[in-house]
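None of the figures in this text is laboratory data; all of them are computed from the coordinates on show. It should be emphasised that the depicted structure is a prediction, and the values quoted were computed from it without experimental measurement. Heads up, the Cβs are rebuilt from the backbone with ideal geometry, glycines too, and the neighbour counts pull from every protein chain shown.
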Amino acid sequence: MKSSTISQLKKEFSYRSSDELLALCLRLAKFKKENKELLTYLLFEADDENAYVESVKREVMAQLAMINTKNYYWMRKSIRKILKDVKKYIRYSQKKETEVELLLDFCARLKTLSPPICKDKTLQNLLDRQLALVRQKIGALHEDLQYDFNQQLEALSPMHSK
């Protein structure tokens with residue numbers, strides 16, 4: 001089955017009643033966990049972005065505290081999964097400030113892990129890629145925010161040296 005384009009869906013939505021749209025949204029939410037998470041964000045958390053960012057930071061902190069640090073293989077698997085979740089939460093928000101803030105927080109927490117990630121080339125490369133992405137994203141923000149986020153980014157840089 002080929003899916004419809006966004007414009008086709010938008011046109012079809014305009015022909016539906018509010019009750020039909022409600023039923024469609026509820027059915028969509030039941031279909032996949034990610035759809036339910038997005039609707040939760042849009043309905044309950046989008047109004048207070050700061051609280052959303054803080055809740056994601058707490059979740060990342062909890063997930064990092066639970067990873068298996070016995071060897072780097074398990075650390076890599078867990079960290080990639082946590083990063084995948086962070087990217088998903090960023091997609092829900094679609095705000096550049098939120099993206100930069102969450103990625104900076106993720107990178108800062110990654111640097112404090114024990115055993116240190118600098119001893120594993122794969123994890124160090126993952127961190128370097130995320131820091132490069134943050135640097136790129138900061139350039140698209142307002143000047144005041146750029147300054148604040150660049151300060152945080154520079155605070156991570158001295159620890160970056162091997």
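Under a Gaussian network description of the chain, with springs only between Cα atoms under 10 Å, the residue in LYS119, LYS11, LYS57 that fluctuates furthest is LYS11. To the nearest ten degrees, helix 6-15 and the longest principal axis of the Cα atoms of the chain are 40 degrees apart.
Among TYR41, TYR72, TYR15, the largest mean-square fluctuation in a Gaussian network model of the chain, built with springs joining Cα atoms closer than 10 Å, belongs to TYR15.
Based on the mean of other beta carbon atoms within 10 Å per residue, what is the order of 122-133, 60-71, 96-107, most packed first?
Numbers: 122-133: 15.2, 60-71: 12.7, 96-107: 20.5.
Output ranking for 122-133, 60-71, 96-107: 96-107, 122-133, 60-71.
The GNM of the chain, with springs linking C-alpha atoms under 10 angstrom apart, assigns the highest mean-square fluctuation among ARG76, ARG109, ARG16 to ARG16.
Taking the C-alpha atoms only, the angle from helix 49-65 to the longest principal axis of the chain is near 50 degrees. Percent of C-alpha pairs per 5 Å bin in region 32-160, short distances first: 2, 10, 21, 21, 20, 14, 8, 3, 0. Projected onto the charge dipole of the chain (+1 at Lys/Arg Cβ, -1 at Asp/Glu Cβ, origin at the Cα centre), which of LEU133, ASN71, TYR41 gives the Cα projection farthest towards the positive end? Of the options given, the answer is ASN71. Helix 18-31 and the longest principal axis of the Cα set of the chain meet at an angle near 40°.
Helix content alone sets the calculated 222 nm mean residue ellipticity of the chain: runs of n ≥ 4 DSSP H residues at -39500 (n - 2.57) each, divided across all residues, give -25000 deg cm²/dmol.
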